[in-house]
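Notes follow once the structure below has been shown.
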Protein chains: 4
Amino acid sequence: MTILRHPDFNAPELANAPDAKFVAAPADGVLPEDFFSTTNLPTYVRIKGAWRMPREPRMDSALVLDNDGLWIREGRKLKKGDMVAVGSAEDGSEGIYVHTASFLGDEEGEFKFMTSEVSREKPIDYALMAHILIEERDRGGYPIWVTGPALVHSRARADMVWFIENGFVSALLAGNAVAVHDIEASIFGTTLGMTRTGEATTGGHGLHMRAINKVRAAGSIARAVEQGVVKDGIMHACVVKGVPFVLTGSIRDDGPLPEVITTEKDGSMRELPTICVDSSEFVVSKLKDRGTHQAFGVVTNAQDFMHILRLYVERELTDRKSEQPSAQASKVRV
Amino acid sequence: MTILRHPDFNAPELANAPDAKFVAAPADGVLPEDFFSTTNLPTYVRIKGAWRMPREPRMDSALVLDNDGLWIREGRKLKKGDMVAVGSAEDGSEGIYVHTASFLGDEEGEFKFMTSEVSREKPIDYALMAHILIEERDRGGYPIWVTGPALVHSRARADMVWFIENGFVSALLAGNAVAVHDIEASIFGTTLGMTRTGEATTGGHGLHMRAINKVRAAGSIARAVEQGVVKDGIMHACVVKGVPFVLTGSIRDDGPLPEVITTEKDGSMRELPTICVDSSEFVVSKLKDRGTHQAFGVVTNAQDFMHILRLYVERELTDRKSEQPSAQASKVRV
Amino acid sequence: MTILRHPDFNAPELANAPDAKFVAAPADGVLPEDFFSTTNLPTYVRIKGAWRMPREPRMDSALVLDNDGLWIREGRKLKKGDMVAVGSAEDGSEGIYVHTASFLGDEEGEFKFMTSEVSREKPIDYALMAHILIEERDRGGYPIWVTGPALVHSRARADMVWFIENGFVSALLAGNAVAVHDIEASIFGTTLGMTRTGEATTGGHGLHMRAINKVRAAGSIARAVEQGVVKDGIMHACVVKGVPFVLTGSIRDDGPLPEVITTEKDGSMRELPTICVDSSEFVVSKLKDRGTHQAFGVVTNAQDFMHILRLYVERELTDRKSEQPSAQASKVRV
Amino acid sequence: MTILRHPDFNAPELANAPDAKFVAAPADGVLPEDFFSTTNLPTYVRIKGAWRMPREPRMDSALVLDNDGLWIREGRKLKKGDMVAVGSAEDGSEGIYVHTASFLGDEEGEFKFMTSEVSREKPIDYALMAHILIEERDRGGYPIWVTGPALVHSRARADMVWFIENGFVSALLAGNAVAVHDIEASIFGTTLGMTRTGEATTGGHGLHMRAINKVRAAGSIARAVEQGVVKDGIMHACVVKGVPFVLTGSIRDDGPLPEVITTEKDGSMRELPTICVDSSEFVVSKLKDRGTHQAFGVVTNAQDFMHILRLYVERELTDRKSEQPSAQASKVRV
């Protein structure tokens, strides 16, 4: 992993830089105009002639100076009167220096092939990832896993359990779906009714709801594990190993499971024309795989979709004006 | 649009079906074992010899009979003692009939090309979508738009404003990012610092935070519009036309804007090794485009990633055991 | 693997079917009107009251009867006067029966989740694939591998060599690029100048040309292996193990390598505006990774691109007519 | 469009550079060791103290000096004894200067969002593309279109015809499939049996073969147009407008059409286990949409696929050794 080297503070542009300027926040949660907006790179602030690094570094936030020192704070957490650094220069000329050379490489205009950063044509260094993960575990770090339901559907569940049981997971962040399908797999052997070999099953569409109901009956995931309702899998391993998990909810979540953090919503649903726009077939197929069989699937980008739909709406509106009062239903162009 | 035809209730399997059976919910928010789990297809329930359709249809829920009639209810909303239909047969043989033929076609095992449902090789009927949208507006329907930030970044903003101003949007559901970048575009002409021709700008990374700060200073999006801070764009059009909007938040949202519905979280962030796994280059590029330059990008599926990472971790653990007490850093395989 | 069961020839629709009708081909390489177009499913033809299966089954071809029996032949290979089966019915009613039930399942209109055939959310049965591959090798089958250059770039080269050396590859079909980058990796340790850890190198853009030149100097890939120019890798393993390979060429191939099958083209290239349209970022990034830095990248589908580009061209043409004779360069809309 | 500015030849590193060195090609089609490999950027070669630009610029080729001047030539076209520039420095220090600053920007290590080059989140300037296309047509340029069959399947056919008829297409490069499906659409109104609204049709799988057969019967596409067999569409427009087209073939092409350039192959096809690996669902779905229903679809990258398949093969081989002589079929792991 990259080790930070400090910049050369004796270089003229840093040695001769002025102190940073601080201005009071005009109201709670409101920053002064021209506040300095932080990056995720090492940042140095000149205060009384010395270059200092703020504590609690964070991107898209503000530099705040108080009696305890120099901090990075989110704007929404400020109180009226907090002293906030202002300026936009990142080269030290206004007393703030962002050390870009520390992590970002210097790219020159040189002719090279294969310069894209991420591509299926680039080698993946799994050995390095494995090494970092083991190092992190062994020195008491906090590897956090953010997982989606594809992990459970594709049957990488056993691997995830292995990572939890072997101490590589300090916390799990997931949505309701990950826990639901993991527990459905434990109780019924399916996920959304799909068997471990990928077959959809008759009546399988209700199994995730039955799984949720059993956990609700038990009161919590932990109690469902204690009572033997949930006997294996990711959530089981988290409970047994004491790994904390945060399950976030959405408006449309099934159930949800007792632990899911959600904002309650009320409302009914009626069958509606649904248009799903995405740049890959997958997203639309996923929607249909969840039962929204009536969706229009459009594989395109946002710009083109909006342009063309507007064009067609305008065209039909124009046609209507010129053709009144004839019927419209038969006029759809193909 | 599809018009529903009822099934033939005189067919022997329906005419001779028994009444559906109802069982009391054992606790608040808990369904009886073997509850009938609803679909999104038309459903008929036999009660005292007559086939009835429940009100408030909804998928993944339960059939509940009370003094006001037959309802579909989410399990979490039930009270102890509510009477819930049980059974899993969907063909009427247990008094519940799911009318699959109404919307799902009958697929026979016939040799055909081009049978996939969604593909970039399939024609898109924009004229039909336009027609439905106009019809929906004209008969007082409620077209709801769920949009993501790509819409704003790709400059489909003007088209979205057009749809709002012309009455095609009854409500807007979006995340914090859509409103932030729309307002940034209104005030600064950029989105995440990117110009309308797609160029990243120096210092541009702070502009969305400045936009948020101006709205926070005004107190709300509506007041920012009234005060002339926000002069055009999607949120401006919503405010002016009185179109309601729901902005949902996430843990990591910048700001957020005053109206964003969020669950408050506290915590600091430090630079950490980050691994981003997705089946398309886009997701990883997006992460890097948001400043997470240190992320490992892996273009693969969940199953393969978990398998291989586990394999490499196991391999390094085995190597460590056999090679103690030698140093590890130099042993990374390539 | 699926074992074929014959249909029930005693079923009335087959037992009472007529003989198939054969008509003479009107010219060399031309089929009679209404020829029967074959599928890739088992097919039975009734001849003198008996159901017979044709030899050399093949999709998109014709049924031909000659003195040696019943064959499936591509249309382009027919001679004038060859007797070709006609008809379009596949249910036996015209003497030809396509046995769809043999391999295609019968899909009923039942409500199920997860019915899509291919998805990153479906489990992949690598164990089954491995089993089939081993079985195929052990009973003398012919596993044919068709590979693209991503295999070499991503450093799956060592695995491919392993499969060749262990007898799992009976033939290799690839393009010029696979062999070029494999040999570049053997000689220089790079592919298109990219190191094994994914870094682009200065001057690396010429290394694949130097690799090609060395093989051209040797005369062939086999001789380059014999002379010790190519010491390891995929092509080396093919030569050493005697695995035949077919390298297909394209108009724009670098080199190409001596063995590449190509249709010679002549022509020069000048820098031109290039527009690359694809539904994924990858294809456009790949083009840029090969040096076409000037390409417009458009991530969309064919239909939308054509519609919108035409719209903009029409718009500019209209503008030109109405604005003559003013200059155009400054009129580009944004 | 970018206008090239020459470099400053008075700058010391260019003013004091030596002449480039030329070495004779050792054999026909073979370059000397250390030949200079060209890029697609403007290149200057110092000859007798003067900086000269080669004619017929081309990437991945060599600089050749003969009595007619300085040329860029592909290695395969050289004759023994041709004089070829050698060296790898691109900064003029060996007499060859590659002018990278002309087209490639200078990227500094500055913190910016949205720096990726191609993304669905980037605005597309269709107006600029339209402007370039019109300018190109009006000054007698040669816009070349390279199209795939998705264009025809998605019904962008009418737009393509419009571009041809309005003079925006000087040549068309395509595969057999584009012409076949365009002609199928003209004769039968379908593409691969799919209607213009995207429905697969019974018996439709043979329609493209019938279309091919009609063109073969006519003798060529042009004659099929003359005889009124093909009445509209892309190929029709090309013939009528005299736009040249090149249709390239592949081993597996249906037909092919008379004009398709192909290398003849002979061979039969039997049903085989087929594994299709790609990073998007689309490619696998496309294969199935063409009738290869038995294919294993694996959505992953080349590296992961090879690693995992090898792992599973090794595992089964190990199991076999240790478990002989028991039966294997029942041992497949899940």
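Considering C:GLU271, C:GLU226, the condition of being open to solvent by 10 Å² or more (accessible area, probe 1.4 Å), more than 17 Å from C:ALA158 (Cα to Cα) and at pLDDT 95 or above is satisfied by C:GLU226 alone.
Please verify whether the range B:227-238 includes one or more residues that are touching a Ser or Thr at 6+ places or on another chain (Cβ under 9 Å) and at the interface with chain A (Cβ under 9 Å from one of its Cβ atoms). Before you say what the answer is, go through the steps one by one.
Filtering the range B:227-238 for residues touching a Ser or Thr at 6+ places or on another chain (Cβ under 9 Å) gives B:229-236.
If we keep only those that are at the interface with chain A (Cβ under 9 Å from one of its Cβ atoms) as well, we get none.
So far as the range B:227-238 goes, no, none of its residues is touching a Ser or Thr at 6+ places or on another chain (Cβ under 9 Å) and at the interface with chain A (Cβ under 9 Å from one of its Cβ atoms).
Determine, yes or no, whether B:ASP60 is charged (D, E, K, R), farther than 30 Å from C:TYR97 by Cβ, surrounded by 15 or more Cβ atoms within 10 Å (Cβ to Cβ) and at pLDDT below 95.
Considered against the rule, which asks whether it is charged (D, E, K, R), farther than 30 Å from C:TYR97 by Cβ, surrounded by 15 or more Cβ atoms within 10 Å (Cβ to Cβ) and at pLDDT below 95, B:ASP60 comes out as yes.
Entry remark, the range A:156-187: residues being closer than 20 Å to A:ALA224 by Cα, touching a Lys or Arg at 6+ places or on another chain (Cβ under 7 Å) and not charged (D, E, K, R) number 4 in total. In summary, B:VAL246 fulfils each of the numbered conditions (1) touching a Leu at 6+ places or on another chain (Cβ under 7 Å); (2) farther than 20 Å from A:LEU31 by Cβ; (3) more than 10 Å from chain A (Cβ to nearest Cβ) with the single exception of condition (3).
Scanning the range C:134-145 for residues that are buried (at least 19 other Cβ atoms within 10 Å of the Cβ) and either at pLDDT below 85 or more than 7 Å from every other protein chain (Cβ to nearest Cβ) (or both) yields one hit, C:TRP145.
Report, by residue number, each residue of the range C:54-71 that is facing chain D (nearest Cβ under 9 Å), assigned to a strand (DSSP E or B) and more than 19 Å from D:GLY204 (Cα to Cα). Outline the logic, then answer.
Residues of the range C:54-71 that are facing chain D (nearest Cβ under 9 Å), as a first pass: C:55-62.
This time we only want the ones that are assigned to a strand (DSSP E or B), so: C:55, C:62.
Result: C:ARG55, single match.
Residues of the range B:151-160 include none that is of a type in the set (Val, Ile, Thr) and more than 21 Å from B:VAL240 (Cβ to Cβ). Residue count for the range A:91-107, restricted to those that are within 7 Å of chain D (Cβ to nearest Cβ) and either at pLDDT below 70 or over 26 Å from the mean Cα position of the chain (by Cα) (or both): 5.
Just one of the listed residues (D:SER326, D:SER322, D:SER330) is of a type outside the set (Phe, Trp, Tyr), modelled with pLDDT under 75, in a helix (DSSP H, G or I) and farther than 30 Å from D:ARG216 by Cα, and it is D:SER330.
The values are calculated or read from the model by the stated rules, or taken from the named source; none is laboratory data. Given the structure is predicted, the values throughout are model-derived calculations rather than measurements. Every residue, glycine as well, gets a Cβ built from its backbone with ideal geometry; the counts of neighbours run over all protein chains shown. What goes into the accessible areas is simple: the full protein's heavy atoms, side chains included, and nothing from ligands, DNA or RNA. Shrake-Rupley method; radii C 1.70, N 1.55, O 1.52, S 1.80 Å.
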